[in-house]
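Accompanying notes for the structure given below.
Just so it is clear, none of the values below were taken in a lab; they were calculated from the coordinates. Please read all numbers here as calculations on a predicted model, not as lab measurements. For neighbour counting, all protein chains shown are included, and Cβ atoms are generated from backbone atoms with ideal geometry for every residue, glycine included.
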Amino acid sequence: MTDTVSAARRSENMRRIRSKSTAPEVFIRSLVHRLGFRFRLHRKDLPGKPDLVFPGRRKIIFVHGCFWHLHGGSCKVARIPRSNAEYWIPKLRRNKERDAEHVRLLKEMGWTPLVIWECETTDSKLAAHIATFLGS
Ligand SMILES: [Zn+2]
């Protein structure tokens, strides 16, 4: 019984965090759109179902939620709940390993991927950075 309750609560938490983590993606999409670039969304035939795909340029943008993709370094957004660390850490590590594998495969296929982290979406230089990436 206890297990059932905690499992239900856990998946509710996951749902909440997951839906919240799509906000950065929506933000990047509209930013790129305003910059005048056209893209495809979530192409299922590519490793990792990249968030934004620019077929003519062979470029890809991933927008990673800092929590789900285990952003390291000085990131303040990626904090793992201490009480559930045993549960989260292996799970998030797997996500990160998968991300690295997707980037490797995409490069092999001739794509140039760019990862934008959730915590970078507030950076005032981001638009210029994206324009340079896509224009080069
Ligand atoms: Zn971050």
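Full extension of the chain between ARG82 and HIS42 yields a length gain of 11.2 nm, computed as 0.36 nm times the residue separation minus the alpha carbon distance.
Exposure proxy shown here: for VAL115, VAL53, VAL26, the number of other Cβ atoms within 10 Å sets the order, fewest to most, as VAL26, VAL115, VAL53.
Relative to the Cα centre, what is the charge dipole magnitude of the range 77-136, using +1 at the beta carbon of each Lys and Arg, -1 at the beta carbon of each Asp and Glu, and rounding to the nearest 20 debye? Walk me through the numbers on the way to the answer.
Details: 10 positive and 8 negative charges, 45 e Å.
The dipole of the range 77-136 has a size of about 220 debye.
Full-extension gain between LYS125 and LEU35, please, as 0.36 nm times their residue separation minus the C-alpha to C-alpha distance.
My answer for the length gained is 31.1 nm.
Every Cα-Cα pair in the range 16-136 was counted, and those over 17 Å apart are 57% of them. Placing a pseudo-label 7 Å from each Cα along the Cα-to-Cβ vector at ARG94 and PHE27 gives an inter-label distance of 2.9 nm. Each residue of the range 111-122 was assigned a 3J(HN,Hα) from its phi angle through the Karplus expression (A = 6.51, B = -1.76, C = 1.60, θ = phi - 60°), giving 8, 10, x, 10, 9, 10, 8, 3, 6, 8, 5, 8 Hz with x at Gly and Pro. The phi-based Karplus calculation (6.51 cos²θ - 1.76 cosθ + 1.60; θ = phi - 60°) puts the 3J(HN,Hα) values of the range 80-95 at 8, x, 5, 5, 10, 4, 4, 6, 7, 4, x, 5, 6, 4, 4, 4 Hz, whole numbers, x for Gly and Pro.
Put in line by how crowded their Cβ is, counting other Cβ atoms within 10 Å and starting with the fewest, ARG82, ARG40, ARG57 read ARG82, ARG40, ARG57.
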